[in-house]
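Notes to accompany the following structure.
The values are calculated or read from the model by the stated rules, or taken from the named source; none is laboratory data. No experiment lies behind these values; they were computed from the predicted model shown. Note that we place each Cβ from the backbone using ideal geometry, even for glycine, and neighbour counts take in every protein chain shown. To get the accessible areas, we keep the full protein, side chains included, count just its heavy atoms, and leave off ligands, DNA and RNA. Shrake-Rupley method; radii C 1.70, N 1.55, O 1.52, S 1.80 Å.
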Amino acid sequence: MRFDPALAAQEAFGQAEAELGTNWDTAVELENTFSYNAGATAREAYEGLLALAQQYPNAHSFQAFCIYITWQQVTEETIARHFETGLSLSEAYLASPADKNPRDIECVTELHGSFRAGLGLGEQDELQIEYKRDTPKGGD
């Protein structure tokens, strides 16, 4: 990796305060639990952070933070579920780069490749990338 995901997570988390509003204190509590514990306690805090992220799909810094900590989960417990979660989160993040920190986009793009590789998916060829870009997305 050309960057340190733990440092990127800290930076993104610090930028997320304004995005989370009244849930900032909850995020801080969960992040502290995640960072200073291991095993089931850390896993529960991680799941709590992901649940909070689902409530704030436009909290770009917090979304990036969750992708970075998912990579930390991969390094702690190398199981397919973490790679799949990371892949899903990074694809959603990269689907719409507008208003996102260019540095986070660069780092998440690199992690996206690592999540794919961890699942044995390899790199996409140009045809796959073009198809994905041209495929209509649901939602707003």
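Could we say that LEU89 is in contact with a Cys (Cβ under 9 Å, 6 or more places away or on another chain), surrounded by 11 or more Cβ atoms within 10 Å (Cβ to Cβ) and modelled with pLDDT of 95 or more here? Spell out how you get there, then give the answer.
Working: in contact with a Cys (Cβ under 9 Å, 6 or more places away or on another chain): yes; surrounded by 11 or more Cβ atoms within 10 Å (Cβ to Cβ): yes; modelled with pLDDT of 95 or more: yes.
Yes, satisfied.
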With the first residue restricted to the range 70-95 and required to be of a type in the set (A, V, I, L, M), and the second required to be in a helix (DSSP H, G or I) and open to solvent by 60 Å² or more (accessible area, probe 1.4 Å), Cβ contacts under 7 Å at 6 or more apart or on different chains are LEU94/THR109
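Do any helices (runs of 4 or more DSSP H) entirely within the range 1-85 hold 2 or more residues that are open to solvent by less than 60 Å² (accessible area, probe 1.4 Å), of a type in the set (Val, Ile, Thr) and closer than 20 Å to ASP104 by Cβ, and if so, which?
Details: elements: 5-15, 17-20, 24-35, 39-55, 60-76.
Here the list reads 60-76.
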Selection over the range 92-121 where residues are open to solvent by 50 Å² or more (accessible area, probe 1.4 Å), assigned to a helix (DSSP H, G or I) and hydroxyl-bearing (Ser, Thr, Tyr) yields a count of 1
